[in-house]
1. Restricting attention to the stretch B:39-83, and to residues there that are of a type in the set (Val, Ile, Thr) and within 15 Å of the chain's Cα centre (by Cα), which single residue is nearest to A:ASN89 (Cα to Cα)?
2. Mind counting the residues in the stretch A:541-590 that are in a helix (DSSP H, G or I) and touching a residue at least 40 places away in the same chain (Cβ under 8 Å)?
3. Which ones in the stretch B:132-154 are out of contact with any Phe, Trp or Tyr (no Cβ under 9 Å at 6 or more places or on another chain) and either within 26 Å of B:LEU56 (Cβ to Cβ) or within 12 Å of chain A (Cβ to nearest Cβ) (or both)?
4. Quick check on the stretch A:524-535. Is at least one of its residues in the same structural domain as A:LEU456 (by TED's automatic domain parsing), at pLDDT 90 or above, crowded, with 24+ Cβ neighbours inside 10 Å and of a type in the set (S, T, N, Q)?
5. If you take just the helices (runs of 4 or more DSSP H) that sit entirely in the stretch A:172-254, which of them hold at least 3 residues that are open to solvent by 20 Å² or more (accessible area, probe 1.4 Å) and away from chain B (no Cβ under 14 Å)?
6. Check whether at least one residue in the stretch A:368-383 is outside any helix (DSSP H, G or I) and of a type in the set (S, T, N, Q), and report yes or no.
7. Name the residue, out of B:ASN14, B:ASN3, that is open to solvent by 30 Å² or more (accessible area, probe 1.4 Å), more than 14 Å from every other protein chain (Cβ to nearest Cβ) and at pLDDT below 90.
8. Among the residues of the stretch A:369-379, write down those that are of a type in the set (A, V, I, L, M, F, W, C) and open to solvent by 10 Å² or more (accessible area, probe 1.4 Å).
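The values are calculated or read from the model by the stated rules, or taken from the named source; none is laboratory data. Here the structure is a predicted model, which is why all the values come from computation and not from measurement. With ideal geometry, Cβ positions are generated from the backbone for all residues, glycine too; neighbour counts draw on all protein chains shown. These accessible areas exclude ligands, DNA and RNA; they are computed on the full protein's heavy atoms, side chains included. Shrake-Rupley method; radii C 1.70, N 1.55, O 1.52, S 1.80 Å.
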Amino acid sequence: MSSWLDYTINGLIVGNVYALVAVGLALIFGVSRLINFAQGSIYLVGAYIGWVAVVQLHTPLPLTIIVVAAAAALVGLIIERFGLRPLQNSVRIAPLLATIGISFVLDQLVMLTFSPNPRALPSQLPDVRFQLGGGTIGPLDLLIAGVGITSALLLFVFLRYSKLGWAVRAASQDRDAAMQMGVDVNRVNQAVFGIAAALGGVSGMLVGMYYNQIDTAMSLQATLKGVVAEVVGGAGNVPGAVIGSLLLGLVESYGVAVFGTSYRNLFAFLLLVVVLVLRPNGLFASARQAPPEPLTGTFIAPSRPVRIPRWALAVAAAGFAILPLFPVSFYVLQTLINAWLLGMLALSLTLVAGTIGQVSLGHAALLAIGAYTSALLSLALSVPVGLAVIGGGLMSAALGTLLISPSFRLRGHYVSIATLAIGEIVSLVILNWESVTRGPIGISGIPPLSLFGYDLISPSSVYWFSLAVIVVLALLQGRLLTSHLGRSFRAIRDDDIAARAYGLSLNRYKSLAFIFGGFAAGVSGGIAAHLYSYINHETFNTQQSILALTVVILGGLGNVVGAIVGSVALVGLPEVFRIAAEYRILIYGIVLLLLVRFRPQGLLGTI
Amino acid sequence: MTNSSPEPLLALSNVNTFYGQAQVHFDLSITVARGHIVCLLGGNASGKSTTMKIILGLVKPRSGEVTFDGASLIGLSTPQIVRRGIASVPEARRLFADMSVRENILMGAFVRNDRDAVAQDLDRMLTLFPKLGQRLAQRAGSLSGGEQQMVAMARALMSRPRMIVMDEPTMGLSPLYVDRVLELIRTINQEGVSVFMVEQNASLALEIAHEAYVLQTGRIVLSGPARALKDDPRVRDAYLGGSEAA
């Protein structure tokens, strides 16, 4: 039985690790007003470079730290120069999306180079523990604390006394004014990305040594934890990020002490949501508020969408409808079924992100709610599957909207963070609520799809069913967009203050969008549950949320036909070219990057 | 390089600027002679602030030429332009709110590397703006509007510029400070710094300026020596026309 002091020490050590990530995020946010979703990937890269250095090159510890910091800084500089600088004059959502794409690419490259299997990263320090009061502390704990404190001091000296440090501070307070003092903002960005990446990389290496294990799943977790710590401390506030990190480490550690290990992340994300709702500028925001997001021009501007005549759409739908009558392989139908299911999620996201402008990064949670509801209704309450799927849609609409509602008062990047956290919370509740969701074991033996008592087992019947559902949803959504309601949604996206001045209630319209979107996503999840016959808390993950976002941007934000075309393209093309599964995520990341850079309005144009 | 008609320090010639489809400037031509105070007058949305941004390289014109001391500024970045010797007092001051007053003033010397001379210049600023002496350690964001304007002007002077561009330096100030600011602009000018200022308050600006231009929806409708324009009824008409349109 560990003592409370042990939990406190552990919390502070983990907090130090988070601080190394969060400080970098805060620096970048300060200068660029950007949440760098690739920060965790740099942390991952740092861990693997550390592994190469320690295990293959046998470097001594001080040299390992230097090698990792330098290599990670180089990655940071490359990201800034080639990933983000070209987007300087684009809309504000573009760099955010680019960092998501970059993180996919980096994670996959690491995975392809080193295989997804975990590796041991041995600590280069003697394995002894010293008694400290009622607890114990080891040399690695001291190293982590030392690195954390030293970095904080160096950073303080840099920001306070060096010329470049002054430039960083000035640019983070007023970019244009700093330029008018002769500050080269590109150099400031370089400096900030280099520092952030060096700290993040070292942090990844230290964590690898701390747990004596590294694997590619570290990346997203690190980004999430860093973002939580940074937002808790106040976005862009460097000392706040340190305190937020230590607080997060302690909250997690005590949470684990009381409830068990599987609750660690739940506490982190609940802390984030509570802070976002109660003090969106962080716990330590001074009286002066952080500069507000610009009211207009945040979003990818509506372009001239490609007009597709109705008859052409009807012909296309009819063509897909009669497809199973031809001798096509099971494989083709299966691929298209996947495309229709992803398409439903994309319809939902294109409405929420494209039409009303709330870029949700937690959309897979809506799938999970629909899937679990439908599975449990049919299994535990013997509800007919057709009704159960609709029940899944309704539950997703209701519960999803309720869960997202705390984020309605947020704007821009904060919405993305909040939805990401809410998505993680849903997955963690599913994991921990064993009496209902069967926890980590998942739900197996889910009955197949059926309609009016007839089981839909053959591939063509499942194909027709999902095609029919997506056509109905698309028609409804198309109708919605041309209605008064659709116009109100777009007004809120384009300028929420002006929309409010015209008497539109933001909460009501955002709720309506999430209700409609939640239903479509829930139905998709419900159908998927009955197709897979087994689901668990990881079936619907953040990767799917990001894939859906890529689909939506590919098709054109807000564009109903685009969402479906994008799904078919992203699900179908890798199949056509027989691209191995492990390269697909890499390709999705590259597609996202290229789209943001060269065609932000997507294939069919934003609406 | 002195000849019979001295080359102007700053010259905008036939500048056309667009924001997307909308044209902001129509063949705009303005010159600032060495050692002069030139003011650009105009109502709301006449394109005054955009003119400032063109000079500072924050907005690129679609066509036309901007030269400073005979060399083109087109294609240079804002920091490069600042290094050529143009300092800015931006609209609404734009101080670095969380940095101290001292740090703000020293940020103005960012382009300089002569530390000792910078320290001397800081002392000189405190004689020029005595009130700032007791405020040096304070957060710039905590100052009053008038004090902030003093900091912004001191900050601009710290780069030892040949020209200062000012965007509405009297905006939002109490009458007491308005007089003080105008007096300081005159003092700065007498020390050899040329001034280009954008103002809404025509009568005040014309009191200290040598030349003035009146801008109306992107076109220069009137220009000449400030003394002559001061009593010209057309200045008032240009304003009224502008405000009727707005």
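1. Within the stretch B:39-83, the match that is nearest to A:ASN89 (Cα to Cα) is B:THR78.
2. Going through the stretch A:541-590, the residues in a helix (DSSP H, G or I) turn out to be A:542-555, A:560-576, A:581-590.
If we keep only those that are touching a residue at least 40 places away in the same chain (Cβ under 8 Å) too, we end up with A:542-555, A:560-564, A:566-568, A:570-572, A:575, A:582-583, A:585-586, A:588-590.
Residues that pass the stated criteria total 33.
3. Answer for the stretch B:132-154, where residues must be out of contact with any Phe, Trp or Tyr (no Cβ under 9 Å at 6 or more places or on another chain) and either within 26 Å of B:LEU56 (Cβ to Cβ) or within 12 Å of chain A (Cβ to nearest Cβ) (or both): B:LEU132, B:ARG139, B:SER142, B:LEU143, B:GLN148, B:ALA152.
4. Yes, that holds for at least one residue.
5. Result: A:185-211, A:218-233.
6. The first filter runs over the stretch A:368-383 and keeps only residues outside any helix (DSSP H, G or I), leaving A:381-383.
Applying the additional criterion that residues be of a type in the set (S, T, N, Q) yields A:382.
The answer is yes, given that some residue of the stretch A:368-383 is outside any helix (DSSP H, G or I) and of a type in the set (S, T, N, Q).
7. Testing whether each residue is open to solvent by 30 Å² or more (accessible area, probe 1.4 Å), more than 14 Å from every other protein chain (Cβ to nearest Cβ) and at pLDDT below 90 leaves just B:ASN3.
8. Those that are of a type in the set (A, V, I, L, M, F, W, C) and open to solvent by 10 Å² or more (accessible area, probe 1.4 Å): A:ILE369, A:LEU376, A:LEU377, A:LEU379.
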